[in-house]
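Okay, so here's the structure we're looking at.
Derivation of every value follows stated rules applied to the coordinates shown; laboratory data play no part. In this text, all values refer to a predicted model and were calculated from it rather than measured experimentally. Cβ atoms come from the backbone with ideal geometry, glycine included; neighbour counts cover every protein chain shown.
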Amino acid sequence: MSNSNAARAPRDDDRRLDRARAEARTEAGRTAPERAKLRLAPPMPVSGPRVPFVVMIVVLVMAGVVGILALNQKINENAFKLDKLRAEQAKLDRQEQDLNQQIAEKEAPGNLAAQARKLGLVPAGAPAFIRLPDGRIVGVPQPANGEPAITSQGG
């Protein structure tokens with residue numbers, strides 16, 4: 001017998017054993033109802049709904065692709081904004097550097113003296129100091145002497 005037939009039909013030994021048991025029961029005066037013989041059932045075919053599953057997978061893949069494209073677009077857009085902001089920052093840095101250089105030039109001692117003469121200021125002589133604890137004056141105060149510049153505004 002082949003394996004498939006052996007699995008489906010009981011063997012001859014099993015049949016003989018079943019007959020012997022049935023005879024023993026009937027001889028003892030009891031009549032037992034015959035049981036249905038059990039057989040191995042073939043497995044259920046595995047056929048699920050494949051179309052909805054395939055559609056779901058296709059929709060998920062499409063949504064993933066669209067999501068990646070949207071993300072890529074935002075990244076590129078932000079890269080252009082960042083480039084524009086960096087160019088603007090470089091321009092502002094150059095402007096700050098120019099302003100700092102102008103301030104340094106105007107703070108130079110020669111330029112300060114020229115601006116002071118232009119405003120009509122003259123150099124002072126030796127200074128005098130006042131000590132705060134006792135109010136004593138140290139040094140001899142003298143008024144500044146000198147002629148204001150021709151270009152002075154007060155003139």
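Between A90 and A63, the C-beta separation translates, for a Förster distance of 41 Å, into a calculated FRET efficiency of about 0.50. Scanning residues 5 or more positions from G120 or on other chains, those with amide H under 5 Å from its amide H are A149, Q153, with H placed 1.01 Å from N in the peptide plane. Full extension of the chain between L119 and D12 gives 25.1 nm of extra length, using 0.36 nm per residue less the Cα-Cα distance.
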